[in-house]
Structure formats: C-alpha cells, structure tokens
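**Q** Shown below is the structure under consideration.
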Amino acid sequence: MGAYNRGVGRQDLGWSRQYLFVAAVFALLFVVAFGLFAQLTISQLSRSYLEDVLLTGRAQAEELAKQFRGEGPLYQVVEKKKEALQRLSLSLARKEVIESVEVYDERGRLVWRTTTRSEGVPGGFPEPGSEFVPLPQGEHVMESQTSYQIRVPVEELATVVVSIPKSALEQRIALLRRQLVVRTALAGGATLTMMVLAFVFIGHLIKRNAELEARRLRDRELAALGVLAANLAHEIRNPLNALSIHLDLVAEETSADPSAAEAVALAKKEVSRLRKLVTDFLQYARPSPPQKEPVEVEAFLRDVAALLGPECERAGASLTVGASAGTLLVDRGQMTQVLLNLGLNALQALHEAAVKQITLRAFRDGSHWVLAVEDSGKGIPPEELPRVKEAFYSNRKGGTGLGLAIADRIVVAHGGQLILQNRPQGGLSAQVRLPAAAEGVYTLPGGKA
C-alpha cells in the first residue's frame with residue numbers, strides 16, 4: 001500500500017508540473033495576444049481620431065462657407081454678418097483641436113480670421129496690411145510640418161481655410177492612448193485574473209477527481225482483499241474447531257500427566273484465542289445491518305450486567321448498574337455485544353488497579369440516550385486515544401484490536417457515536433450516544449414509556 005501511495009504521489013506531482021507548464025504557456029500567449037490586440041486598437045484609434053478631426057474641420061469650413069454664398073461682395077457679407085461670425089468664433093474657441101479659421105478673397109487676401117488658441121483673441125478681422133497668401137484652386141487638405149489645412153472654396157468669391165495644429169492632435173491622441181491603455185490593462189488584468197482563478201478551480205477539480213479515482217481504486221482493492229481475507233478466515237475457522245475437539249480428547253487421555261495436561265491446556269488457550277480472532281474478523285469484515293426493535297432501557301442494562309457479572313466476579317471487580325426509565329430503538333443483540341466489548345475492555349484495564357470498579361449507566365441527554373461503561377483503571381494515554389478505535393490496533397498483549405472497531409461500527413450503523421475519554425478521577429468512560437426512538441420517547445403497546 002505504501003508503494004501504491006508513493007506511485008500515486010509521483011503521478012500527482014508529474015501531473016501538477018505539466019498543468020502548471022500548460023497554464024504558464026497559455027497565460028504568456030494570452031498576454032502576447034492581448035498586447036497585439038491593444039497595439040492594433042491604439043493604432044486604429046489614432047487613425048480614426050485623425051479622420052474624425054479632419055471631417056469635423058471640414059464640416060466647420062463648409063458651415064462657414066454657407067455664410068458667404070449668394071450674399072453679394074465678400075467684404076459686405078463679412079460686415080453684415082459680423083455678429084454671426086463672432087458667435088462662430090466663440091464656438092470655435094471651445095474646440096480643442098481647431099487652431100484658426102481664415103477667409104481669403106478671390107485674390108488671396110486675408111479678409112477674416114478667428115484664432116481659437118490665442119488667449120484673449122477669440123477672433124475677428126485682420127489688421128490692415130495683411131499679406132496676400134496665394135491659394136491653390138479646389139477643395140483639398142494640405143499638410144505642413146506643424147498643421148493640417150482644410151480648404152473649402154466659396155464659389156469664385158473666397159476660400160475658407162481651417163487650420164488644425166499637429167501638436168494639439170498629438171496631445172489629444174496621446175491622452176486617448178493613455179486612457180485606452182489603462183482601460184485595456186484593467187480589462188486584461190480582470191480577464192487574466194478570472195482565467196487564472198478558472199484554471200486554479202479546474203485544476204482543483206481535476207486533482208480532486210484524480211484523488212477520488214485513486215481512492216476508488218484503492219477501496220476496490222481493499223474490498224477485494226477483505227473478501228479474500230474473510231474467505232480465508234472462514235476456511236481457517238473449520239480446522240480450528242476440529243483442532244479444539246481433538247485437543248479436548250487429548251486432554252482426557254493426558255489428564256494423569258501434569259506436564260502434558262499443561263501443554264494441552266496452553267494449546268487449547270491459543271486455539272481459543274485464534275478462533276475468537278477469526279470470529280471477530282469475520283464479524284468486522286462482514287457486518288450485518290441492525291434489525292432495530294424497541295428495547296426497555298432498565299431491563300436491557302440488567303441483562304448486560306447479568307452477562308458481565310461472572311467475568312467481574314472472576315476478576316474481583318464490583319459492578320454497579322444505574323439506568324433511567326425509557327425505551328431504545330436498537331438491534332438488541334448488536335448493542336449487547338457493544339456493551340460486552342466495552343465491559344470486557346474495562347475489566348482488562350483493572351488488572352493492576354487498586355480499586356476495581358465498573359459502572360454501567362444509561363440516561364437521557366436531550367434528544368439522545370447515553371449508554372456509559374466506566375472503570376476505575378488507569379485510562380488510555382492521550383496520544384493513543386485517537387487510534388484505539390482503529391481495526392487491529394491494540395496496546396494489550398494478546399489483544400485482537402477488533403473489539404472497539406466492531407463496537408464503533410455497530411454504533412455508527414445505529415446513527416450514534418462512540419466517545420472514549422479519560423475521567424478526571426481516573427479510569428476511562430466509554431459513552432455510546434444514540435438518537436432517542438423517533439426523536440422522542442418510544443411508547444410501548446401497554447402505554448408505558
């Protein structure tokens with residue numbers, strides 16, 4: 001079994017390393033893919049934002065060009081719509097990326113300008129003597145080292161020029177990039193965290209499933225070994241019975257020889273011990289379900305005391321019985337065996353005790369009945385208490401290690417609990433806690449509780 005566990009442990013370790021490697025590779029690929037996606041998104045955003053700004057500038061230029069179409073000479077139109085142009089200047093001043101809007105006449109002279117990025121100069125008419133600026137014909141976008149110029153002709157009278165500085169665009173795009181990077185990082189981090197948690201959870205489920213599968217295989221092997229051992233024990237018990245009968249015959253023939261009689265008696269004792277071990281093992285390996293019936297507590301405890309009394313007399317121990325009135329719903333035979341096993345263990349613990357006292361008690365504790373077997377021995381060392389109910393564990397020479405294991409299994413089958421604890425005044429208290437019949441007191445046909 002140890003080699004089996006080591007093999008399972010090595011498999012789990014190898015699987016864990018493979019899983020961690022796959023998870024790390026997947027996380028790396030996810031980060032790389034997410035980074036490429038973010039880079040492409042940022043590049044596309046920059047282009048889209050530039051196109052959007054240029055379209056906005058063109059729309060502003062066309063809106064301004066409408067102010068001059070079909071209204072007569074350019075200078076008269078500018079003078080007549082001075083207030084409207086000033087409102088437009090204020091509106092453009094609130095734009096973050098449009099630097100200026102200029103209007104030139106057909107000869108290339110600057111007629112009107114709004115400078116939106118100059119403090120205290122929202123726009124207006126140019127100073128006298130402004131230079132002539134030659135403009136190409138047609139509507140198009142011109143790019144210089146510092147700005148974009150969107151030019152929209154107004155029939156043959158004028159040209160509207162909207163200037164957008166590259167520095168303002170770069171600052172705006174940089175701000176948008178930073179915001180996008182932060183949001184993308186947050187979204188990617190949240191997604192990666194969720195995926196890591198999902199990987200951890202899936203890994204836990206896979207590991208748990210592997211453990212359950214390994215446990216299932218182990219339990220199946222143990223069950224097969226148990227069946228084999230039970231069959232072997234059954235086959236051994238028959239020869240032991242025959243051997244015991246023949247030893248009885250030999251004892252009769254050698255009764256006149258003390259040394260031979262002593263040897264035969266010793267052999268009979270060992271055969272009896274082996275037969276008890278085989279019987280206990282068969283009972284432990286092939287437990288039968290309890291056949292519950294109503295049992296009157298006081299009478300039941302007196303019957304157990306009657307069976308245990310002769311053993312107490314031979315050991316020189318006194319036996320005290322105390323029980324509350326009531327009814328248990330138990331398998332009488334199995335529960336009798338439990339109390340007998342506990343009582344015999346208590347007797348064996350009194351071997352070196354100065355005062356040899358055993359007490360059988362039964363009392364109600366809330367919704368449970370407690371059947372207690374207490375002795376005045378030395379108790380059980382605290383470090384051994386957690387193990388004494390394990391099968392084949394015994395700290396007594398010649399013990400089978402199955403008495404408490406069988407008792408515990410029977411109590412659990414009844415829906416109860418076997419509690420072993422050392423008493424403050426010395427000795428051990430073995431308590432069988434059982435649920436009361438029908439979560440209350442069982443009523444006998446005669447009306448007695």
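**Q** Among the residues of segment 139-166, write down those that are among the polar types (S, T, N, Q) and surrounded by 12 or more Cβ atoms within 10 Å (Cβ to Cβ).
**A** If the condition is that a residue be among the polar types (S, T, N, Q) and surrounded by 12 or more Cβ atoms within 10 Å (Cβ to Cβ), then 147, 149, 159, 163 are the ones that fit.
**Q** Quick test of your reading of the structure: residue 192 fulfils all but one of (1) over 24 Å from residue 47 (Cβ atoms); (2) surrounded by fewer than 12 Cβ atoms within 10 Å (Cβ to Cβ); (3) of a type in the set (A, V, I, L, M, F, W, C). Name the failing condition by number.
**A** Of the numbered conditions (1) over 24 Å from residue 47 (Cβ atoms); (2) surrounded by fewer than 12 Cβ atoms within 10 Å (Cβ to Cβ); (3) of a type in the set (A, V, I, L, M, F, W, C), the odd one out for residue 192 is (2).
Table: residues versus (1) in contact with a strand residue (DSSP E or B) (Cβ under 8 Å, 6 or more places away or on another chain); (2) touching a residue at least 24 places away in the same chain (Cβ under 8 Å); (3) in a strand (DSSP E or B).
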| residue | (1), (2), (3) |
| --- | --- |
| 149 | yes, no, yes |
| 152 | yes, yes, yes |
| 159 | yes, yes, yes |
| 162 | yes, yes, yes |
| 170 | no, no, no |
| 174 | no, no, no |
| 190 | no, no, no |
| 198 | no, no, no |
| 204 | no, no, no |
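**Q** What pairs can you find where one residue is in segment 250-275 and touching a residue at least 24 places away in the same chain (Cβ under 8 Å), the other is assigned to a helix (DSSP H, G or I) and surrounded by 14 or more Cβ atoms within 10 Å (Cβ to Cβ), and their Cβ atoms are less than 6 Å apart, with a gap of 6+ or different chains?
**A** 268/247; 271/240; 271/243; 271/244; 274/240; 275/240
**Q** Filter segment 87-115 down to residues that are part of a loop (DSSP other than H, G, I, E, B) and within 27 Å of residue 171 (Cβ to Cβ) and give me whichever is modelled with the highest pLDDT. Steps first, please.
**A** Start the filter on segment 87-115 by keeping residues that are part of a loop (DSSP other than H, G, I, E, B), which leaves 94-99, 106-108.
Next, only the ones that are within 27 Å of residue 171 (Cβ to Cβ) stay: 94-99.
On the way: 94: 61, 95: 61, 96: 61, 97: 66, 98: 70, 99: 73.
Looking at the filtered set, the residue picked out is 99.
**Q** More than 33 Å from the chain's Cα centre (by Cα) and either modelled with pLDDT under 90 or not hydroxyl-bearing (Ser, Thr, Tyr) (or both) - does that describe any residue in segment 407-414? Walk me through it before giving the result.
**A** Restricting attention to segment 407-414, the residues satisfying the condition of being more than 33 Å from the chain's Cα centre (by Cα) are 407, 410.
Of the ones still in play, those that are also either modelled with pLDDT under 90 or not hydroxyl-bearing (Ser, Thr, Tyr) (or both) are 407, 410.
Yes, segment 407-414 contains at least one residue that is more than 33 Å from the chain's Cα centre (by Cα) and either modelled with pLDDT under 90 or not hydroxyl-bearing (Ser, Thr, Tyr) (or both).
**Q** Please work out which one of (1) buried (at least 17 other Cβ atoms within 10 Å of the Cβ); (2) under 30 Å from residue 245 (Cα atoms) is the condition residue 307 fails and give its number.
**A** If we test residue 307 against (1) buried (at least 17 other Cβ atoms within 10 Å of the Cβ); (2) under 30 Å from residue 245 (Cα atoms), just (1) comes out false.
**Q** When residues of segment 187-207 are filtered for being small (Gly, Ala, Ser) and under 16 Å from the mean Cα position of the chain (by Cα), how many remain?
**A** 2
**Q** All but one of (1) under 16 Å from residue 434 (Cβ atoms); (2) in contact with a Lys or Arg (Cβ under 8 Å, 6 or more places away or on another chain); (3) small (Gly, Ala, Ser) hold for residue 379; which doesn't?
**A** Just one mismatch for residue 379, condition (1).
**Q** Then there is this: Go through (1) of a type in the set (Val, Ile, Thr); (2) modelled with pLDDT of 80 or more; (3) surrounded by 14 or more Cβ atoms within 10 Å (Cβ to Cβ) for residue 184 and report which single condition fails.
**A** The one condition residue 184 does not meet is (2).
**Q** Right, next: Taking segment 19-60 only, how many residues are touching a strand residue (DSSP E or B) at 6+ places or on another chain (Cβ under 9 Å) and at pLDDT 70 or above?
**A** The qualifying residues number 0.
The values are calculated or read from the model by the stated rules, or taken from the named source; none is laboratory data. Remember, it's a predicted structure, so these values are computed and weren't measured experimentally. Glycine gets a Cβ as well: all are built from the backbone with ideal geometry, and neighbour counts include every protein chain shown.
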